[in-house]
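As structure tokens, the structure follows; a few thoughts come after it.
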Amino acid sequence: MQETRDTWKANKRLKPQRNRNRVIYRMVVYTVCLILCILALLPVYWIITLSFKTPGEMLTRIPVWIPSTFYLQNYWYVMFLNPVAKYILNSLVISLSSVGLALFIGSLAAYSSARFNVGGSNFLLGILSLRMTPPISSVIPYFILMRNLRLYDSHVSLVLLNTLFNLPFVVWMMVGFFREIPVEIEEAAIIDGCSRFEAFRRIVLPLAKPGLVATAIFCFILSWNEFLFAAILTSMNAKTITVSVAGFITLERLSWGEVAAATSLCIVPIFLFAIIVQRHLVRGLTFGAVKG
Amino acid sequence: MPILLILPVILYVNILMVYPLLFSTYISFHDWDLTRPTEGMRFAGLGNYAKILSDSLFWKSWQVTITFTAGVVIFEFLLGLGVALFVVNLVKGITFSIMRSIILIPMMITPIAVGITWRILYNYQYGIINYLLNLVGIPSVEWLGSSAASLISLMIVDIWQWTPFMFVSIQAGLLSLPREPFESAKVDGASRWQTFRYVTFPLLKPVLVIVILIRMIDALKQFDIIYSLTGGGPGTATETISYYIYRVGFKYFKMGYASALSLVTFVIIMALSLILFRLISRRST
């Protein structure tokens, strides 16, 4: 009794010091976090504000941090040069379709791998090895193939290929999510009279929805950002916004504002999308890394 | 029935992946110059592969690729690990969630757009990187001018984009570690460094292996940033293997040779990944 009172008094004497240290520590951590956030956002902020700058504000010795108005000429010029709406639509259609297709066949495969271990680790390793191939290695046969099949510059070819790239992610992430769902729930449903497939559709799928959402978001971003195949395999018709941005790389006859406008048109949609869905994203990301 | 479920994926992958690879191998045994369509494909046996052995640009591009990959992965790993350990006490609050979502943004931005953005930032006269350096007294750097500087510039861009991935993954791994080993370490009187070395690090190894492997594979394949930031660098200073193959196949249109290069690259990357995987995972068990 006496001992506890003594230690309590001793702790009370220590407390302000320890509290102060803790406060300083927290301030340092917060400051570091703030700096990291600023560093992360700075390039994005810069390019977006650059797109709204007047020619006078673009090339200045002292950077203009906040443009004076929403100067829209840069955007008008970019849209004059390019059918931007069409390119964005192409990106959207191709991304959504390939994500849908990859989710569908990928989840089925992931389910049978997670539950019944069909194919074993060989299947999983094989799917992952898809990810190991450098895109440039497969571009050449695809280029020739698509030309022969008359699928050059069509949405179909890009949807097919993006699905292929999304499959490793879908399988990998969904296997983890499916393994999390206890078998007992499905077995209870089967005892109650459901077929295997009904059990899958009614019990497992709703439970796996967060995983499906996270995977879908991740794959959508990946497909939207895809460049090499879109560049090689499209020309006018199925060109994606990513490829049109690449057309602005030589900064020669264009002012920076116009380049920035083109770039912003590509990254602002995905930027907003990522902010809105970030909660699901993090879940999917950390899940994959933790469970492996 | 389960086999039915998995069949679509296997079929899909086989048709769309394996067949083109075989086709590519077939092309690699021919000379096929698309700028001379009338000549078509001419059988060349192992000629292309022999050419690879004496192609100094090919081997130089591997040197650039390995330098880039090693530098980038090591930096991102150390930075990500360091920051994750540093903020490990902060993880509960809402500020942390906000910070994490902000810090993930670089990963989401289209790599091509990232390259263009940084190209503007790196500008010698008007870019804000040099402006900020000047503010603290450091003279301006010609970031995209010299060979060494452009490779470093490239690496900085990749580090900017992918350290968040390392950080968030490692931090999630840290959160999932069991508490007992840490408590017993504290009882035993371990210092912070000792706790890290003998408790945290071994427990964290599986996660670290995975994220390092993922980043290594992606860094080896890196193309978009190089295309938009340096276009291969001054001359061929930042020409990685992907960019070199791109140049051979889509600027010079030598399809046969490019196919051979692709195949050799594919095999090398596979081998590298497998070796590293075995190496690291054997050490952790």
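Some values worked out for this structure:
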| read-out | value |
| --- | --- |
| Bins of 10 Å, starting at 0 and running to the largest distance - Cα pair percent for the range B:124-183 | 19, 29, 22, 16, 12, 2 |
| Pairwise FRET efficiency - B:N89 versus A:T54, Cβ, R0 = 45 Å, nearest 0.05 | 0.45 |
| Distance-filtered residues of the range B:233-258 - backbone nitrogen under 13 Å, label point 7 angstrom along B:L57 Cα→Cβ | B:233, B:235-255, B:257-258 |
| For the range B:41-105, convex hull of alpha carbons as volume per residue, Å³ | 146 |
| Hydrodynamic radius of the range A:42-125 per Kirkwood, over alpha carbon pairs, in Å | 17.3 |
| Descending Cα extents along the principal axes, the range B:186-285, whole Å | 67, 27, 16 |
| Chymotrypsin sites (Phe, Trp or Tyr not before Pro) within the range B:125-174, DSSP loop, no more than 11 other Cβ atoms inside 10 Å | none |
| B:T67/B:L279 FRET efficiency (R0 25 Å; Cβ-Cβ; nearest 0.05) | 0.80 |
| Per residue value of the accessible surface for the range A:52-177 (all protein chains in place, 1.4 Å probe), Å² | 43 |
| Selected from A:A199, A:I249, A:N19, residue furthest toward positive end of dipole (chain A; charges at beta carbon) | A:N19 |
| A:I190/B:N134 FRET efficiency (R0 56 Å; Cβ-Cβ; nearest 0.05) | 0.20 |
| Per-residue ³J(HN,Hα) for the range B:168-182, Karplus 6.51 cos²θ - 1.76 cosθ + 1.60, θ = phi - 60°, Hz, x for Gly and Pro | 5, 5, 5, 5, 5, x, 4, 5, 8, 6, x, 8, 4, x, 5 |
| With every protein chain in place, chain A: carbon and sulfur % of accessible area (1.4 Å) | 65 |
| P(r) of the range A:139-239 over all Cα-Cα pairs, binned every 5 Å from zero, in whole percent | 2, 12, 18, 15, 12, 11, 9, 9, 7, 5, 2, 0 |
| For the pair B and A, total buried accessible area rounded to nearest 100 Å², probe 1.4 Å | 7800 |
| The protein assembly as shown: C-alpha pair distances exceeding 37 Å, % | 38 |
| Sparse-neighbourhood loop sites, chymotrypsin sites (Phe, Trp or Tyr not before Pro) in the range B:177-276 - DSSP loop, at most 16 other Cβ within 10 angstrom | B:Y252, B:F253 |
| For the range B:234-251, Karplus couplings with θ = phi - 60° (6.51, -1.76, 1.60), whole Hz, Gly/Pro x | x, x, 10, 5, 10, 7, 7, 5, 4, 5, 5, 4, 4, 5, 5, x, 10, 10 |
| Amide H within-cut-off set for A:V118, under 5 Å, with H built and near neighbours excluded | A:S113 |
| Cα long-axis angle, helix B:19-28 against chain B (0 to 90 degrees, to the nearest 10) | 50 |
| Under 5 Å, built H, 5+ apart or other chain: amide partners of A:N82 | none |
| Whole-Å semi-axes of the range A:95-146's equivalent ellipsoid (Cα gyration tensor) | 25, 16, 8 |
| Residue with peak Gaussian network fluctuation, chain A [Cα springs, cutoff 10 Å], from A:P210, A:P67, A:P134 | A:P134 |
| Long-range tail of P(r) for chain A (Cα pairs > 33 Å, %) | 46 |
| The range B:51-208: relative contact order in percent, alpha carbon pairs under 8 Å with at least 6 residues between | 29 |
| Cα-based Rg and Dmax for the range A:89-190, where Dmax is the largest Cα-Cα distance (Å) | 16.4, 52 |
| Relative contact order, percent, chain A [alpha-carbon distance under 8 Å, six or more residues apart] | 27 |
| Virtual spin-label span in nm between B:L4 and A:L72, 7 Å along Cα→Cβ | 5.6 |
| Backbone N within the range B:238-274 under 16 Å of label point (7 Å from A:D153 Cα along the Cβ vector) | none |
| Under 13 Å, Cβ to Cβ, from B:I156 - net charge with Lys/Arg +1 and Asp/Glu -1 | -1 |
| Kirkwood Rh, Cα atoms: Rg over Rh of chain B | 1.05 |
| Loop-exposed trypsin sites (Lys or Arg not before Pro) per DSSP, neighbour cap 11 Cβ within 10 angstrom, longest uninterrupted part of chain A | A:151-252 |
| Distance between modelled label sites at B:A271 and A:A85, nm, 7 Å Cα→Cβ extension | 5.4 |
| Whole-Hz ³J(HN,Hα) from phi, Karplus 6.51 cos²θ - 1.76 cosθ + 1.60, for the range B:148-158, glycine and proline x | 5, 5, 5, 5, 5, 4, 4, 5, 4, 4, 5 |
| Relative contact order of chain B, pairs being alpha-carbon contacts under 8 Å that are 6 or more residues apart, as % | 31 |
| Solvent-accessible heavy-atom area per residue, rounded to whole Å², over the range B:145-241 at 1.4 Å | 40 |
| Separation in nanometres of the label points that stand 7 Å from Cα toward Cβ, at B:L11 and A:R18 | 6.7 |
| Selected from A:S138, A:M173, A:I190, residue furthest toward positive end of dipole (the range A:135-199; charges at beta carbon) | A:S138 |
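The values are calculated or read from the model by the stated rules, or taken from the named source; none is laboratory data. Here the structure is a predicted model, which is why all the values come from computation and not from measurement. Note that we place each Cβ from the backbone using ideal geometry, even for glycine, and neighbour counts take in every protein chain shown. Surface areas here come from the heavy atoms of the whole protein model, side chains and all, with no ligands, DNA or RNA. Shrake-Rupley method; radii C 1.70, N 1.55, O 1.52, S 1.80 Å.
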